[in-house]
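The block underneath contains the structure these notes are about, expressed in structure tokens.
Since every read-out is calculated from the coordinates, none of them should be taken as a lab result. Bear in mind that the values here come from a model prediction, so they are computed numbers and not experimental data. Cβ coordinates were reconstructed from backbone atoms using ideal geometry, including for glycine residues, and neighbour counts include every protein chain displayed.
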Amino acid sequence: MYEIHGTTEKNYCMKCGKTYPADHIFKSKERVPHCDCGGMIRCDVTLYGEQLPEKTVIKAINAIKNAETLIIGGTSLTVYPAASYVGYFRGKHLVIINKEHLDYPLDPETDLEINGPIGEILSRVIDREST
Ligand SMILES: [Zn+2]
């Protein structure tokens, strides 16, 4: 899994770069958590206006290029550049799981489209797997 928009599970000091787990943030009594060095701690997510992490993006694109099946889930594919990564897919099977039908020109064409909330759909897949 490549988290191109980062994760709130990882946090770091904006001054010295020391990393902190999410637990540290949740247990902090400070309104804005600070590092031992005095720097502000922020979550490791890409905010609007910031660059996506290049190495992670390259890994994600390579994974899409080499995949036989691509499942696009829980997105309207309207936020770029991430939405454009679908264009790198050259595999055989494209599956979309989204609340609403996607009016997005996909090449190759979609093999399967499931319309519903992704959490609900994937929970049902897991339930079926375990029975
Ligand atoms: Zn620090």
Identify which of GLY49, GLY38, GLY91 has the largest mean-square fluctuation in a Gaussian network model of the chain, with springs joining Cα atoms closer than 10 Å.
GLY49
Of TYR85, THR7, ALA67, which is farthest on the positive side of the dipole of the chain, counting Cα position, with +1 on Lys and Arg Cβ, -1 on Asp and Glu Cβ, and the Cα centre as origin?
THR7
Taking placed amide H atoms and a strict 5 Å upper bound, the residues 5 or more places from HIS34 or on another chain that come that close are ILE41
From the phi of every residue in the range 92-98, what ³J(HN,Hα) in whole Hz does the Karplus formula 6.51 cos²θ - 1.76 cosθ + 1.60 yield, where θ is phi - 60° and glycine or proline is x?
9, 10, 10, 10, 10, 10, 8
Can you work out ³J(HN,Hα) from phi for every residue in the range 22-37, in order, using Karplus 6.51 cos²θ - 1.76 cosθ + 1.60 and θ = phi - 60°, giving whole Hz and x for Gly and Pro?
4, 3, 4, 5, 5, 8, 5, 8, 7, 5, 10, x, 10, 7, 4, 7
Residues whose built amide H sits under 5 Å from the amide H of ILE96, excluding neighbours closer than 5 in sequence, are ILE72, LEU112, GLU113, ILE114
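Which trypsin sites (Lys or Arg not before Pro) in the range 22-131 pass both tests, a DSSP loop state and at most 10 other beta-carbon atoms within 10 Å? List each step's numbers first, then the result.
Numbers: sites: LYS27, LYS29, ARG31, ARG42, LYS55, LYS59, LYS65, ARG90, LYS92, LYS99, ARG124, ARG128; in loops: LYS29, ARG31, ARG90, LYS92, LYS99.
Hits after loop and neighbour filter: LYS29, ARG31.
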Residues GLU50, GLU9, sorted so that the one with the fewest Cβ neighbours within 10 Å comes first:
GLU50, GLU9
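Counting only C-alpha contacts under 8 Å and six or more residues apart, can you give the relative contact order of the chain as a whole percent? Each step should come with its number before you reach the end.
Values: 181 pairs, mean separation 24.0, N = 131.
Relative CO of the chain lands at 18 percent.
Which order results if LEU112, LEU94 are arranged by neighbouring Cβ count within 10 Å, fewest first? Let's see the in-between values first.
Numbers: LEU112 11, LEU94 20.
The most exposed by this proxy come first: LEU112, LEU94.
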Among TYR48, TYR12, TYR88, which one shows the biggest mean-square fluctuation in a GNM of the chain, springs joining Cα atoms closer than 10 Å?
TYR48
